[in-house]
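Following: one structure in structure tokens, then a few remarks.
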Amino acid sequence: MSAPLISVVIPFYNTGKSLKKLLAKILSSDFRDIEVICIDDCSTDNSHDVISEIKDERLTICRTEINAGSAAARNLGLRLIRGKYVVFLDSDDDIADNYFEKMLGVISDKDVVLGVCGIQQKYLKANPVKTINKFISAPIERGAGSWKEYILSLMIADGRLYSSVNKIYLADTIRKKKISFDEELNFAEDTKFVLDYLGCFDASARIAFVPEALYIYNYGTATSVVASSSLSWNNWQKSYDDILKWLNHEPSKSEIKLLARLKRRFQISHALAVARSPLSIKEQKEFLNLPTLIAAKLVVKIKH
């Protein structure tokens, strides 16, 4: 087979039923110039059999030797990609019908190294199901600062850069620079991957944004609940420290200001993660002082 235009990497673990629906949409769509690589992270149910029943020459299914997590599964997928571009999808999420066409449309523009779309967050356990479209407004304008200052500014402005999904990447850069997910991390490994990728480019590069909620994040599935790793401030601090290493130089005065704002954003995100968790108040107080916890719970209540 000739190399496809887009490689799609999808790790899965005990999510055969939802992945089968996602694959049906992808493989039956009008966009045909694609390969889909599904990596079974040692599912303990019949998920592997369910997906293996799908017969399509564009579909590749492989299985990790041990249950090693999504980072290892995605890395295995990256070793198999043949496309010009690559996207990551989660097996229990969904995409808009024109997802690939829209994403391809922006990454094909001159000097664009990353395409980013909005996300529709779907709360499955709400009655009726509630949806919120995120990251559909225009991002902040790129100022006179450096490439990395611009990236820091985007991270402060909102959360559209943090996830590995809702994006399309240049596969050749990932191959040549050997960009991979850090399998030692159990928190913010997606963010580190995105930053490592963006760190391969200079000031001439551009990020293109699709102001539409094309990626559908199904909140309420087994894999979308508040991760326990987000409850510990130490993990947020480690992610912040990794960003300092990513800068790879002594921060300038403008970068110091941006980093201070970013750390504040991390502190707020940590507090909200604890407040949203299903833990009891007593258990939540182990991660957050009471005044901050009360304030965070008020914010969560107002937002929902």
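The values are calculated or read from the model by the stated rules, or taken from the named source; none is laboratory data. Note that this is a predicted model, so its numbers are computed, not measured. We place every Cβ from the backbone using ideal geometry, glycine too, and count neighbours over all the protein chains shown.
Brief remarks follow.
- When residue 225 is tested against (1) at pLDDT 95 or above; (2) more than 19 Å from residue 155 (Cβ to Cβ), just one condition goes unmet, and that condition is (1).
- The single condition among (1) farther than 26 Å from residue 214 by Cβ; (2) surrounded by fewer than 17 Cβ atoms within 10 Å (Cβ to Cβ) that residue 24 does not satisfy is (1).
Residue-by-condition table, conditions (1) assigned by TED's automatic domain parsing to the domain that holds residue 17; (2) at pLDDT 95 or above; (3) in contact with a Pro (Cβ under 9 Å, 6 or more places away or on another chain):
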site: 213; (1), (2), (3): yes, yes, no
site: 234; (1), (2), (3): no, yes, no
site: 248; (1), (2), (3): no, no, no
site: 276; (1), (2), (3): no, no, no
site: 287; (1), (2), (3): no, yes, no
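Every residue, every condition in (1) of a type outside the set (Gly, Ala, Ser); (2) outside any loop (DSSP other than H, G, I, E, B); (3) under 24 Å from residue 236 (Cβ atoms), yes or no:
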| position | (1), (2), (3) |
| --- | --- |
| 133 | yes, yes, no |
| 138 | no, no, no |
| 154 | yes, yes, yes |
| 176 | yes, yes, no |
| 181 | yes, no, yes |
| 184 | yes, no, yes |
| 187 | yes, no, yes |
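- Where residue 196 falls short, out of the listed (1) over 30 Å from residue 25 (Cα atoms); (2) outside any helix (DSSP H, G or I); (3) assigned by TED's automatic domain parsing to the domain that holds residue 136: (2)
- Top-ranked residue in segment 277-304 [being in a helix (DSSP H, G or I) and buried (at least 19 other Cβ atoms within 10 Å of the Cβ); ranked as nearest to the chain's Cα centre (by Cα)]: 296
- Failed condition for residue 124, given (1) modelled with pLDDT of 95 or more; (2) of a type in the set (A, V, I, L, M, F, W, C); (3) more than 16 Å from residue 205 (Cα to Cα): (1)
- If only residues of segment 244-257 that are touching a residue at least 40 places away in the same chain (Cβ under 8 Å) and closer than 17 Å to residue 194 by Cβ are counted, the one that is surrounded by the fewest Cβ atoms within 10 Å (Cβ to Cβ) is 248.
- Matching option when the condition is of a type in the set (Asp, Glu), assigned by TED's automatic domain parsing to the domain that holds residue 194 and more than 22 Å from residue 95 (Cα to Cα), among 33, 45, 56, 40: 45
- Considering (1) in contact with a Lys or Arg (Cβ under 8 Å, 6 or more places away or on another chain); (2) buried (at least 18 other Cβ atoms within 10 Å of the Cβ), the lone condition that residue 169 does not fulfil carries the number (1).
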